[in-house]
Amino acid sequence: MNERGKVAEKSRGQGLEVTSYKSQVTSRTLVTWCKKLLFCIMYFVFCILLFAGCKRQEEEKAKAASPTDVVIRIGDREISHGEFQGTFKRLFLEGEGAAEVKDEELKNLKIDLVNQLVEEELILEEAKRLAIDVKDNDVFKEMEEIKKEYDGDTFESTIMNKYGSMDKWKEEIRKKLLIKKVIDKIITPMIIVKEGEAQRYYKEHITDYKRKEQVRARMIVVKTEEEANSVRGRLKRGEGFARIAQEVSLSPEGKRGGDLGFFGKGDMPKEFEDVVFSLPPGKISDVIKTVYGYHIFRVEEKRGAMDLKFSEIKDQIMNKLKREKGDMEFQTWMKELKQKTRIEVKEELL
């Protein structure tokens, strides 16, 4: 072999050695990378299992709680697991939407209820200290007012399903009235709003009291286009809009003759506004189809945009300021009561 051949052969040998070395390095890198990836996956799985295990332990603790286990202590008052769950179910887990409540929302609702029960018990203790009571006659009057909100035979069955007995419902009413009396005695005297404060608020929030253009309209809504055309024909022949609305309209306003009251742009669905704001007072609209059904509108009156004077909304502003002051005074008072009362909550049993 001549010198040129020897050089070429040597170069090829060196090339093979370099390629082999690169392959070894790549192989080692790949193995190292796979080990790291495997470790990360195993660590991730471990974390998931650990979290699931902790959550399961919490759930098991909650399930293991017996109805007599104390879950909240406020001073000498003890609230059992059974009492807490009964109240929670009555307040939050009734109706069609109860099954759709998510875990996080459920947790927040329970926290809210704990706070509510604690505050109620603190107020009831104040009632004892101040010797405040509620007369049987006041409870009876309140019961009669509530009865008016129910139709026929639904009243008693609703109360029994919600409270278990009429006596428990009666005691719940007595408790709510007592809480109100305590708040009226302690908090209400602290709430003082002078007219000057209301005037300052009005000037600082003047843009909130610019009334936009408004329309007062009536509406009839029915299921089918055929029925809507029939209704419109009756209106065109001179039959009263309010009377027909009471007779056939599917909307809640039907009972009031279809009266929607005054509203501005942005207060109602756009399909409604496009019609009524372009319709002259006293005129009847065409049949309008929406996702709610088939509608017919009549505009009763219109009023233009204007700045509301302080004298027109003075009472509204003063009531708003009273509510805000009342809330602040209540929170300050409640904070003081909580600080001087021993309160224990076993969240793992809720």
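Being within 27 Å of the chain's Cα centre (by Cα), surrounded by fewer than 17 Cβ atoms within 10 Å (Cβ to Cβ) and not β-branched (Val, Ile, Thr) is the requirement here; does Glu145 meet it?
When the stated conditions are applied, Glu145 passes them.
Please work out if Glu119 is closer than 26 Å to Thr158 by Cβ and at pLDDT 60 or above. Break it down into steps so the answer makes sense when it comes.
Values: closer than 26 Å to Thr158 by Cβ: no; at pLDDT 60 or above: yes.
Taking the combined requirement at face value, the residue does not satisfy it.
Set side by side, the residues Glu312, Glu336, Glu347, Glu301 differ, and just one is acidic (Asp, Glu) and modelled with pLDDT of 95 or more, which is Glu336. Restricted to the range 124-238, the set of helices (runs of 4 or more DSSP H) holding at least 2 residues that are more than 30 Å from Glu253 (Cα to Cα) comprises 136-147, 154-163, 166-186, 195-204.
For the range 189-207, the set of residues classified as surrounded by 13 or more Cβ atoms within 10 Å (Cβ to Cβ) and more than 18 Å from Glu312 (Cβ to Cβ) consists of Met190, Ile191, listed by residue number. Among the residues of the range 200-211, are any within 20 Å of Pro269 (Cα to Cα) and touching a Leu at 6+ places or on another chain (Cβ under 8 Å)? Yes, the range 200-211 has at least one match. Each residue in the range 269-291 was checked for being surrounded by 15 or more Cβ atoms within 10 Å (Cβ to Cβ) and of a type in the set (Ser, Thr, Tyr), and 1 pass.
Those strands (runs of 3 or more DSSP E) of the range 251-350 in which at least 2 residues are hydrophobic (A, V, I, L, M, F, W, C), considering only elements entirely within it, cover 259-264, 293-303, 343-345. (1) crowded, with 16+ Cβ neighbours inside 10 Å; (2) within 32 Å of the chain's Cα centre (by Cα): which one isn't true of Val299, the others all being true? Failed condition: (2). In the range 211-226, the qualifying residues are those that are surrounded by 15 or more Cβ atoms within 10 Å (Cβ to Cβ) and among the charged types (D, E, K, R), and the one that is farthest from Phe241 (Cα to Cα) is Arg211.
The values are calculated or read from the model by the stated rules, or taken from the named source; none is laboratory data. Because the structure is predicted, anything quoted here is derived from the model rather than measured. So basically every Cβ, Gly included, is an ideal-geometry build from the backbone, and we count neighbours across all protein chains shown.
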